[in-house]
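Here is the structure we will look at, set down as structure tokens.
The values are calculated or read from the model by the stated rules, or taken from the named source; none is laboratory data. Since this is a predicted model, take the numbers as computed values, not measurements. Note that each Cβ is placed from the backbone with ideal geometry, even for glycine, and that neighbours are counted across all protein chains shown. For the accessible areas, the whole protein counts, side chains as well, though only heavy atoms, and no ligand, DNA or RNA atoms are used. Shrake-Rupley method; radii C 1.70, N 1.55, O 1.52, S 1.80 Å.
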Amino acid sequence: MGKEQASSMHRKYFHFLILAVYLPGILIDREFLYLGSAAVMYIFVLTELLRSLRFKIFGNTIGEKIDESVGVFRDRQDEGRLIVTPLYLLAGCSLPIWLIGLHTSSEDLNEYDLAASMAGLISIGVGDTFASIGGTAFGNIRWRGTNKSFGGTVFCITSQIIFTWLLFVTGVCSFSSMVTLSLIIAAFVNSLVEALTDQIDNLILPLLTFNIVLCTNFIVQFSKWAIG
């Protein structure tokens, strides 16, 4: 495995870790996850400031030690002075939770809100992770003009659909057919966006999935109102 592949797979460990932490948090105590994720974001930003400014305490360069520790997790987007990929990952998984939390309490949480809260986990924690695995294992055929592979895209779509199905069959989330359909549509759309863009997909994919789910809710509610 090359250096680039090794670094990519190292970064995906955090995707699995954030999935393992966030999924129980959303299902059991969303308010605590809301506050906890915000606190961790503050810590990440502070740590990155210490690293980038090469901050010293009593002659010890803490910034350089942090830089040595996180070097293996650098991405192509981290070629500048700042390492932003971890911030984007945390923000991408947390933003749907923060946005839902601004206007909906746990008591008023409907199935669309719950699915939208999971937008980051499904698109990044599952989809983007398996896209990397699929691209590494079956990356011979690539999309024109990009370094993304068809194999990675297929893995990205399939993994999100399987994950949604597992949530349903295990009884973890009893999504209706319309919510499930919105997540399947989101899986196809965000997988194509992931394949055809080199932008900050850790932010784009969760927000894209989030909006598809909530737009489906709006269409369903509007249809009921129009018919009724």
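Here are the numbers for the structure shown:
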read-out: Which listed residue is of a type outside the set (Phe, Trp, Tyr) and touching a residue at least 40 places away in the same chain (Cβ under 8 Å), from 153, 170; value: 153
read-out: Subset tally (residues that are modelled with pLDDT under 70 and either farther than 21 Å from residue 43 by Cβ or under 16 Å from the mean Cα position of the chain (by Cα) (or both)) for the stretch 78-103; value: 2
read-out: The listed residue being more than 21 Å from residue 16 (Cβ to Cβ), open to solvent by 10 Å² or more (accessible area, probe 1.4 Å) and of a type in the set (A, V, I, L, M, F, W, C), out of 89, 102; value: 102
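Residue-by-condition table, conditions (1) assigned to a helix (DSSP H, G or I); (2) surrounded by fewer than 16 Cβ atoms within 10 Å (Cβ to Cβ):
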| site | (1), (2) |
| --- | --- |
| 113 | yes, no |
| 122 | yes, no |
| 135 | yes, no |
| 139 | no, no |
| 147 | no, yes |
| 166 | yes, yes |
| 171 | no, yes |
